[in-house]
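The values are calculated or read from the model by the stated rules, or taken from the named source; none is laboratory data. It should be emphasised that the depicted structure is a prediction, and the values quoted were computed from it without experimental measurement. Using ideal geometry, Cβ is built from the backbone for each residue, glycine included, and neighbour counts are taken over all protein chains shown.
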Amino acid sequence: MSAKSPRRQRPPVSPANSGTEGLGICLRLYVASTTPNSERARSNLDAALRDLTVPSDYRVEFIDVLADAKRAVTDNVIVTPTLIALGAKQRLVMIGDLSDAGKLEGLLKSAANLN
């Protein structure tokens with residue numbers, strides 16, 4: 001009976017985009033294909049972005065290091081899953097399956113201040 005409010009639509013992601021071109025915050029989640037930890041990280045990030053009020057524009061890139069190892073090396077990612085929030089001058093990193101909701105919420109709120 002109750003209607004949910006519409007959720008903010010994510011803008012399209014361009015893989016060549018570095019995340020710092022004035023389009024808000026870029027969240028890059030580096031995963032290893034469909035491993036259990038990677039799937040949990042994906043699910044936890046989606047849930048957090050759906051449920052939290054993040055006071056900034058953001059876009060999400062999912063990068064499979066098994067398919068694009070060069071991208072992981074470029075961003076100094078050596079462990080998956082890894083979430084990187086990129087701003088114009090700084091980056092925030094969280095490693096693991098993103099199951100610690102408090103830490104994930106803190107990263108997302110801090111990411112709003114990166115640009």
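Given the criterion modelled with pLDDT under 85, of a type in the set (A, V, I, L, M, F, W, C) and in contact with a helix residue (DSSP H, G or I) (Cβ under 6 Å, 6 or more places away or on another chain), identify the matching residue among VAL54, VAL13, VAL31.
Step by step, each of VAL54, VAL13, VAL31 is checked, and only VAL54 is modelled with pLDDT under 85, of a type in the set (A, V, I, L, M, F, W, C) and in contact with a helix residue (DSSP H, G or I) (Cβ under 6 Å, 6 or more places away or on another chain).
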Out of region 93-103, which residues are surrounded by 13 or more Cβ atoms within 10 Å (Cβ to Cβ) and at pLDDT below 95? ALA101
